[in-house]
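Working notes, structure below.
The values are calculated or read from the model by the stated rules, or taken from the named source; none is laboratory data. Source: prediction; values computed, not measured. Please note: Cβ atoms are built from the backbone with ideal geometry, for glycine as well, and neighbour counts cover all protein chains shown. Areas reflect the complete protein model, heavy atoms only, side chains present, ligands, DNA and RNA absent. Shrake-Rupley method; radii C 1.70, N 1.55, O 1.52, S 1.80 Å.
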Amino acid sequence: MIARADGRKSPGASGGDPVHAVSNQSRPLQDYDAWQADRALRAAVAAHGAAWAGESLSEAGRVFASADVLRLAAQANEHRPVLQTHDRQGRRIDEVEFHPAWHRLLGMAVERGLVALPWHDPAAGSQVARAALFYLYSQAEAGTQCPVAMSYGAVPVLRHVAGQHPDIESLWLPRLLSRRYDGRLVPAADKRGVLFGMGMTERQGGSDVRSNITVAEPLERRGGGQRYRITGHKWFLSAPMCDAFLVLAQTAGGIGCFLLPQFRDDGSRNALRLQRLKDKLGNHSNASSEVEFHGAEGLLLGEEGRGVPTIIEMASYTRLDCVIATAGMQRRALAVALNHAAQRVTFGARLIEHPVMRSVLADLALESEAATQLAMYLASCYEEDADEADRLIGRLLTPAAKFHVCKRGPQFAAEAIEVLGGNGYVEEQDLARIYRELPLLSIWEGSGNVMCLDVLRTLAREPQAAEALTARLSRVGGAHPALDAILARLDALLAVPAEADGRMIAHSITLAVQGALLVRHAPAALADLFCSTRLSETAWGASFGTLPAASPLDEILDRAMPAGIDA
């Protein structure tokens, strides 16, 4: 019999061949309720008006954390999509083949309302409930989030222009809101549900979409709701097997935003030519393509010259989803690290009993809770019944949070991997996949500097947004000296916002809001430690695990630990 370092018997170590027995390996974190196990998420959802969704969130938490779904996620990433440009007779088909796991995962998301929930039944708290669902779903598989997020963001765009063309009201919106996934490549009229993608960036422009050279010419008349012939390319067309795309193209009146479907009205394929799929660092389950348009037909949404503001409405929602997904993946990485540390024995004690490891795990837990609280509050700013102050704050906070939270993601995942050591750096662990996904969320829908410039543009165009934020933050004045200090620094930065200070402004906005949220909605010890370590200019070290010696580690770890695991 082999004894563990702590004196207890090792499972499976008695009898047989002791040299080759497997012992002191942590059990996988699966088949549990990720909603019930996440105290921070439950507190944030309740604080922002969506406690009524607890039953459906619990069901989703069990499904998305099940061994079956985690296995599907691994399969969808192992068996990458394959582009078929031609059939065996040489006809152009431009189809992308996905593993069945991809379709099953997408179906689970669509059926649970990750596209339709806040639009189909906009009850109070429905955006927060949907955000919590997306947060839980992101812990299973990230590639399928791409078409889900784009379809979710397409709904408000189409609703705003529904009167321009009867197809928007009768064909596209009902199928986007159907909660039925239909993965067939057939005309939308023959489908039970549809998904939307988007195409903005081109080879020569990247984020500078106003330099786009793709052109659109009216088939008959110019104007909103009219059909145009589109010729050009997109360097990235995400999820190219979606049923339709929002794309930008130059018109005689400036850039326009177009609804470009896979099929024309007569049932023939539209003239989208997929050139190749990107060989990406991560996000392997999801196809990202280069595409050419050879006179493809599209419907102008809004007016000529208003394409960027039209599509930015969609991008605002997908940026929100980048924040939510990052928070969700951070939570999964933390939970896996805690699960492992609570079981693995090193140097005579469990990992979680070593003081230096406890500091690392508690520091990660602080970061995760702050991101979770922020994501749920930000989602509440998008509620239909949100007050004007929250709407203004949401417009300013969305790019700031996308910058700060998504920048923190890769460093967070790297530290969680290190908790598992070599075991964390192998593909059998979902931490490796999370680590590759997180940089994409910082890049997708605008990389860091683009987000900071958007913060500055919002400050310039809507100074009342800064006023609303300052007024809201003033409510927690006096709660903590470091919080007061960052509010003073933020006031000075906002007084004369300079481009060179863009990153500092975005960081400061996000950290101040996180500190305020934790003061209001988290245990006092957690809020105090977050403020004293994150908000001070000098107190926190350069890496996770440098918390002050007297930090309340037990309380933080107890709160973060998934239910059923003994810390």
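For the reader, a short list of remarks on this structure follows.
- Annotation: amide H-H contacts under 5 Å for Ile255 (H modelled 1.01 Å from N, sequence separation of 5 or more, or interchain): Gly305, Gly307.
- Rounded to whole Hz, the Karplus (6.51, -1.76, 1.60) HN-Hα couplings of segment 194-204, x for glycine and proline: 10, 10, 10, x, 8, x, 10, 7, 10, 3, 8
- Amide hydrogen neighbours beyond the local backbone of Glu297, cut-off 5 Å, H modeled: Ile230, Ala271
- Share of carbon and sulfur in the accessible heavy-atom surface of the chain [1.4 Å probe, %]: 51
- Note on Asp190 and Ala500: the extension gain reaches 106.4 nm, defined as 0.36 nm multiplied by sequence separation minus the Cα-Cα distance.
- Note, ³J(HN,Hα) from phi for segment 37-45, Karplus 6.51, -1.76, 1.60, rounded to Hz, x at Gly and Pro: 7, 10, 5, 5, 5, 4, 5, 5, 5
- The alpha-carbon of Lys234 sits under 25 angstrom from the alpha-carbons of these lysines, leaving out residues fewer than 8 places away in its chain: Lys278, Lys280, Lys402.
- Sorting the segments 503-509, 485-491 by their residues' average number of neighbouring beta-carbon atoms within 10 angstrom, most packed first, yields 503-509, 485-491.
- Accessible area in square angstrom per residue, the chain, 1.4 angstrom probe: 39
- Near Lys278, the amide H atoms lying under 5 Å from its own belong to Ser288, Ser289, Glu290; only residues 5 or more places off or on other chains count, and H is placed 1.01 Å from N.
- Checking every one of the trypsin sites (Lys or Arg not before Pro) in segment 74-122 against DSSP loop status and a limit of 16 other Cβ atoms within 10 Å picks out Arg88, Arg91.
- Positive-end residue, the chain charge dipole about Cα centroid, Cβ charges, pick of Leu364, Trp172, Leu526: Trp172
- Helices in the chain, meaning DSSP H runs of at least 4 residues, each add -39500 (n - 2.57). Divided by all residues, the mean residue ellipticity at 222 nm is -15500 deg cm²/dmol.
- Candidates Thr318, Ala349, Tyr377 compared by Cα position along the dipole of segment 312-389: farthest toward the positive end lies Ala349, with charges placed on Cβ.
- Only Lys, Arg, Asp and Glu carry charge here, each on its Cβ (+1 for the first two, -1 for the last two); on that basis segment 145-260 has a dipole of about 160 debye about its Cα centre.
- Top positive-direction residue, dipole computed over the chain with Cβ charges, set Pro118, Gly302, Pro100: Pro100
- In this structure Glu467 has an accessible area near 120 Å², from a 1.4 Å probe over the protein heavy atoms.
- Think of each Lys and Arg Cβ as +1 and each Asp and Glu Cβ as -1; about the Cα centre, that makes the dipole of the chain roughly 740 debye.
- Between the helical axis of 307-343 and the longest alpha-carbon principal axis of the chain there is an angle of about 20 degrees.
- Taking θ as phi - 60° and the Karplus parameters 6.51, -1.76 and 1.60, the scalar couplings of segment 241-258 work out to 9, 4, 7, 7, 9, 9, 10, 9, 8, 7, 10, 4, x, x, 5, x, 10, 10 Hz in sequence order, x denoting glycine and proline.
- Put a plus charge on the Cβ of each Lys and Arg, a minus charge on the Cβ of each Asp and Glu, and nothing anywhere else: the dipole of segment 86-208 about its Cα centre is then about 260 debye.
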